[in-house]
Each structure stands twice: as structure tokens, then as C-alpha cells.
Amino acid sequence: SSDTVLGVSQMLASKRGDAAIITDSSGGLAGIITDTDVTRRVVAKKLPPSSTRVSDVMTANPTCVSSSDSATDALVTMVENHFRHLPVTDDNGAVVGVLDIAKCLNDAITKLEKQKDKSSSAAEDAVKQMASLQGAGGAQAAALQQLL
């Protein structure tokens, strides 16, 4: 790619992004460049961003996941390899998106909290039902709820 680090950084800043997928002339995935890459490979080395080519500092041929892979597989790939961003490709190898580990973890936590709320309220309903069937007093039902 003939794009400069400055140009890509300005595009990322305008979109409030922190990673850019770099494609080759045929539209295939060539690499990825992140804010961390710019910090470590350009700024820290005092390279001029206006003349440094993205292709010289990007991560070439990055690890990807397929859109048919599970979210868990993608998260495991990110954690095990210390990736914050992971390109997602379709069955033909075309890039269809980029996963961000912070957003993935936030989504996973939200789902877990919803499941916990559902199972917690279901357990509370079951305790109330049992208490009413067995004629348990309010104190016993409250004690059972505390245990849950």
C-alpha cells in the first residue's frame, strides 16, 4: 500500500477508530495497523508519519477468524495471542469486519449478566413457589432466598 501512516492515522481519528484493515490491489487482506503499531513502530522510532508507508509498519498477513467460527473461538484466539483486534473473513476470504476485544468482552459480560438475572429470578420464583406449597413462613422463604 502506498498510503502513509499520517493519512491512515487521520482517517482513524476522524472515525474514532483504533485499527485499519489494509487491502492489496485486488481487495484482499494485506495487513492491519493499529494505534499500538503507530505508537511502537513509528512514533517511538521517530519515523516521519507523513512519509512512512503503512505497508512498512503494519502487521502483514494477520491471523483471522472466519465469520462461521464461534465467538468463543475468536475470543480465545485474541486472548492467547494478545490481540486487541482480529479481522473476520467470509468463506471466500474477503474481510467482512474487525473484532475488538474490549467490545467482545463487554458483549460477553452483558450476556452473562442477563443469563444470571434470568436464572436468579427463576430460582427466586421456584423458592417462592416451594415455600407457598410447603406452607413455609416468610422467615424460611427469606432464608432460602438469601442462600440463592
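Observations on the model:
- Scanning segment 9-36 for residues that are part of a helix (DSSP H, G or I), farther than 17 Å from Leu99 by Cβ and out of contact with any Pro (no Cβ under 9 Å at 6 or more places or on another chain) yields Gln10, Met11, Ala13, Ser14.
- Any hit, segment 94-116, residues being within 25 Å of Gln10 (Cβ to Cβ) and in contact with a helix residue (DSSP H, G or I) (Cβ under 8 Å, 6 or more places away or on another chain): yes
- All positions within segment 8-22 that are in contact (Cβ under 8 Å) with a residue 40 or more places away in the chain and not hydroxyl-bearing (Ser, Thr, Tyr): Val8, Asp18, Ala19, Ile21
- Top-ranked residue of segment 10-45 - restricted to ones that are touching a helix residue (DSSP H, G or I) at 6+ places or on another chain (Cβ under 6 Å) and open to solvent by 40 Å² or more (accessible area, probe 1.4 Å), ranked as farthest from Thr59 (Cα to Cα): Asp18
- Residues considered: Ser55, Ser25. Of these, the only one that is under 30 Å from Asp91 (Cα atoms), without any contact (Cβ under 8 Å) to a residue 12 or more places away in the chain and of a type in the set (Ser, Thr, Tyr) is Ser25.
- Hey, Val43 in contact (Cβ under 8 Å) with a residue 12 or more places away in the chain and β-branched (Val, Ile, Thr) or not: no
- Residues within segment 49-70 that are outside any loop (DSSP other than H, G, I, E, B) and closer than 25 Å to Gln10 by Cα, tallied: 7
The values are calculated or read from the model by the stated rules, or taken from the named source; none is laboratory data. For clarity, every value in this text was computed on a predicted model and none was experimentally measured. Every residue, glycine among them, receives a Cβ derived from its backbone with ideal geometry; neighbour counts consider all protein chains shown. Heads up: the accessible areas ignore ligands, DNA and RNA and are worked out on the full protein's heavy atoms, side chains in. Shrake-Rupley method; radii C 1.70, N 1.55, O 1.52, S 1.80 Å.
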